[in-house]
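Here's the structure, in structure tokens; my notes come after.
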Amino acid sequence: MTTLFSTPGYQALMALQRRIHAFTIDAAIELDADIDQPDLPLWTSLYQYLTIAPLHGGLHVEYFGGTWDEPFEWTLECLARQEVADTLVSLAFAGPDEGANGTREWEFTPLLDSGAQFPRLRFLSIRPTAPEDHNTTMIVRAGSIMEEGGEIARFAAKAPYLSDLVVPNAPDATFFQVPLPQLSIMRIGGGSDTQGFIDNLAASGNLPTLGLLDFTESSELQFTWARSGPETAVTPFAAYERLFASAALDPVHSLRLRNTCLSLEQLHALRAMRPSLQFMVIQATQGGYVSHFDQNVFPWKHLVQADPGLE
């Protein structure tokens, strides 16, 4: 009798796990770090790892590591094998706060270009930017310059039974052309471009079971005044009004807005449109160093209150 742990997919993941571990051992040796020393901080060995655990008749797999080196490349190659993709019910990506020019870019393009499908995948998470991070995490299309380019839609299209989705930046309009009849929980992290997410959602019809929406506003107001940034950088109140009036919001029972720059009056106006909706505002933007405050690039007062750049 064939068991999950004897399938070629599971064996391939175990081989990948050992390969990544060997990579971290070699990295520690290059740094002259004694990994057997009990008081050695884990980060000194440049640790990366792959977690594999049984879950609901399939596997939960989590990759923790860099976004540009060999372990990530090996992981995408492994996931592109159909016998591996067939075993997955949960897939997560995270890693240390490392990047270049203030960004940490995940390029899933090689996997998305493959023919692999994820027929059992229900949970997909790419960790959003945390307030303490130095780098803004984002999913980008390979060969582009900080452009998501429809990659989130392509990933979702490979998982027809997806029920939980967590991504670090907003998908483009093509996401709302993908049938996602099971998607019930969605968290969208904040980046420099919302890609018109709220307006696109208001006009959509592909998320009939969406119950919890957690949306993070653009981070642009932390780095530039509204009058100096592009008009589409931050979601306008009118877009939220269209969403609250749209049938697309009917199945949603809980809405969380992170880092909104809507005024208190605007928030109350939206609540009045849907009084039964559990409507929460969370303000936890990316951190900033006090030494930078005199440069006037961290307009903290925009939280809940009107954007000070428009006054």
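The values are calculated or read from the model by the stated rules, or taken from the named source; none is laboratory data. Since this is a predicted model, take the numbers as computed values, not measurements. For neighbour counting, all protein chains shown are included, and Cβ atoms are generated from backbone atoms with ideal geometry for every residue, glycine included.
What's the number of the only condition in (1) closer than 20 Å to Glu62 by Cβ; (2) in contact with a helix residue (DSSP H, G or I) (Cβ under 9 Å, 6 or more places away or on another chain); (3) not basic (Lys, Arg) that Ala170 fails to meet?
With respect to (1) closer than 20 Å to Glu62 by Cβ; (2) in contact with a helix residue (DSSP H, G or I) (Cβ under 9 Å, 6 or more places away or on another chain); (3) not basic (Lys, Arg), Ala170 is out only on (1).
Can you tell me how many residues within segment 1-36 are of a type outside the set (Gly, Ala, Ser) and closer than 15 Å to Leu59 by Cβ?
Counting residues in segment 1-36 that are of a type outside the set (Gly, Ala, Ser) and closer than 15 Å to Leu59 by Cβ gives 12.
Which one is modelled with the lowest pLDDT among residues in segment 239-265 that are assigned to a loop (DSSP other than H, G, I, E, B) and crowded, with 19+ Cβ neighbours inside 10 Å?
Cys261
Taking into account only those residues within segment 72-97 that are assigned to a loop (DSSP other than H, G, I, E, B) and at pLDDT 95 or above, which is surrounded by the most Cβ atoms within 10 Å (Cβ to Cβ)?
Going through the qualifying residues, I end up with Thr87.
Condition first: within 27 Å of Pro131 (Cα to Cα) and surrounded by fewer than 20 Cβ atoms within 10 Å (Cβ to Cβ). Now tell me which residues in segment 196-209 satisfy that.
Gly196
Can you report the number of residues in segment 38-71 which are part of a loop (DSSP other than H, G, I, E, B) and either of a type outside the set (S, T, N, Q) or at pLDDT below 90 (or both)?
12
For Ile29, state whether it is closer than 23 Å to Glu107 by Cα and not in a loop (DSSP other than H, G, I, E, B). Talk me through it step by step, then tell me what you get.
Details: closer than 23 Å to Glu107 by Cα: no; not in a loop (DSSP other than H, G, I, E, B): yes.
Against the criterion (closer than 23 Å to Glu107 by Cα and not in a loop (DSSP other than H, G, I, E, B)), Ile29 does not qualify.
Being within 17 Å of Gly191 (Cα to Cα) and part of a loop (DSSP other than H, G, I, E, B) is the requirement here; does Glu105 meet it?
Working: within 17 Å of Gly191 (Cα to Cα): yes; part of a loop (DSSP other than H, G, I, E, B): no.
The answer is no for Glu105.
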